[in-house]
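**Q** Sharing a structure here in structure tokens format.
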């Protein structure tokens, strides 16, 4: 949690006091505001079904968390908005064609299995929304990879990454141009990840409110871009298409910057971000895994205790 130190004298012999301005609840509220931008884009491109998915997922996550905590006599923490954010992020990471039951399965995995079974907010090892998305892709891929182009001409299609995998080193003829990739025009894919313009607005808002360190998404995207350039022998068109395709930017803004599942120190956070970017390239290219950034984040989540161990500051005198 970030704190703002504000000194206030309460008397001639009273010392300064630290007054906390930013609470966890306030920080979560700022993230919710940032999520409005990709939600507007999702609704514009994919219709009202996007809003239905988001609302169903939010209510399911909040209900699951509340029920679990009541059943096991734990403190109810739904007012911290973390369950709302998890449900919202998970919905945005699925295509508009995903059946609602797959979304509910993902909500259960995120809230019960990943979050509550490990102790709740602040104690989970993995990012709940990312873990749920990866497991859904692993076990329910036929239902959650039925990509369609945005309205009004809704037809089955592939994601832009489909033409960039299989050890390719050049842009496919089926890859949309950079403007369409940036704006999200005519792209198949998860509803919240297609418009990079909307995600840029989210990033600007979170940085302006000092919720995220701008170096974290920059290092994630920068390390990814450099690794892709090295792999493709500095084919900038290929690297640009990769950068603007898939969930990379969505994850760099909302997942890699997660407070709970990333390292505690600044140096550790930078290592974490670079690791996510480089590992995403390795997974995309060597395993032809379009959702490589999600797996990369989970791997780095598991490495976080080790990163903390070797980047923590030494106590003075030791």
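**Q** What is the one condition in (1) free of Cβ contacts under 8 Å to residues at least 60 places away in the same chain; (2) surrounded by 23 or more Cβ atoms within 10 Å (Cβ to Cβ); (3) in a helix (DSSP H, G or I) that residue 279 does not satisfy?
**A** All conditions pass for residue 279, except number (2).
**Q** Ok, one more. Report whether or not residue 211 is closer than 28 Å to residue 136 by Cα and surrounded by fewer than 24 Cβ atoms within 10 Å (Cβ to Cβ). Step through it out loud before you land on a result.
**A** On the way: closer than 28 Å to residue 136 by Cα: no; surrounded by fewer than 24 Cβ atoms within 10 Å (Cβ to Cβ): yes.
So residue 211 does not fit the description; no.
**Q** Are any residues in segment 52-61 under 15 Å from residue 93 (Cα atoms) and either surrounded by fewer than 16 Cβ atoms within 10 Å (Cβ to Cβ) or out of contact with any helix residue (DSSP H, G or I) (no Cβ under 9 Å at 6 or more places or on another chain) (or both), and if so, which ones?
**A** Matches in segment 52-61: 52, 55.
**Q** When you look at residue 69, is it buried (at least 16 other Cβ atoms within 10 Å of the Cβ) and farther than 29 Å from residue 197 by Cα, yes or no? Outline the logic, then answer.
**A** Working: buried (at least 16 other Cβ atoms within 10 Å of the Cβ): yes; farther than 29 Å from residue 197 by Cα: yes.
It is true that residue 69 is buried (at least 16 other Cβ atoms within 10 Å of the Cβ) and farther than 29 Å from residue 197 by Cα.
**Q** Right, next: For segment 127-158, give me each residue that is at pLDDT below 80 and in a loop (DSSP other than H, G, I, E, B).
**A** 145, 146, 147, 149, 150, 151, 152, 153, 154, 155, 157, 158
**Q** Does any residue of segment 17-38 turn out to be part of a loop (DSSP other than H, G, I, E, B), modelled with pLDDT under 95 and within 30 Å of residue 136 (Cβ to Cβ)? Walk me through it before giving the result.
**A** Just the residues of segment 17-38 that are part of a loop (DSSP other than H, G, I, E, B), to begin with: 17-23.
Within this subset, residues satisfying the condition of being modelled with pLDDT under 95 are 17-23.
Those still in the list that are within 30 Å of residue 136 (Cβ to Cβ) too: none.
Looking for residues that are part of a loop (DSSP other than H, G, I, E, B), modelled with pLDDT under 95 and within 30 Å of residue 136 (Cβ to Cβ), one finds none in segment 17-38, hence no.
**Q** Name the single residue, out of those in segment 211-233 being assigned to a loop (DSSP other than H, G, I, E, B) and at pLDDT 95 or above, that is farthest from residue 178 (Cα to Cα). Spell out how you get there, then give the answer.
**A** Just the residues of segment 211-233 that are assigned to a loop (DSSP other than H, G, I, E, B), to begin with: 211-214, 232-233.
From the residues that got through so far, the ones that are at pLDDT 95 or above too are 211-214.
Details: 211: 29, 212: 27, 213: 27, 214: 23 Å.
Only one residue tops the list, namely 211.
**Q** Which condition from (1) surrounded by fewer than 17 Cβ atoms within 10 Å (Cβ to Cβ); (2) in a loop (DSSP other than H, G, I, E, B) is the one that residue 245 breaks?
**A** Just one mismatch for residue 245, condition (1).
**Q** Same structure again: Only one of (1) within 24 Å of residue 80 (Cα to Cα); (2) touching a helix residue (DSSP H, G or I) at 6+ places or on another chain (Cβ under 7 Å) fails for residue 258. Which number is that?
**A** Result: residue 258 passes all but (2).
The values are calculated or read from the model by the stated rules, or taken from the named source; none is laboratory data. The model shown is predicted, which means the values in this text are computed figures rather than measured ones. So basically every Cβ, Gly included, is an ideal-geometry build from the backbone, and we count neighbours across all protein chains shown.
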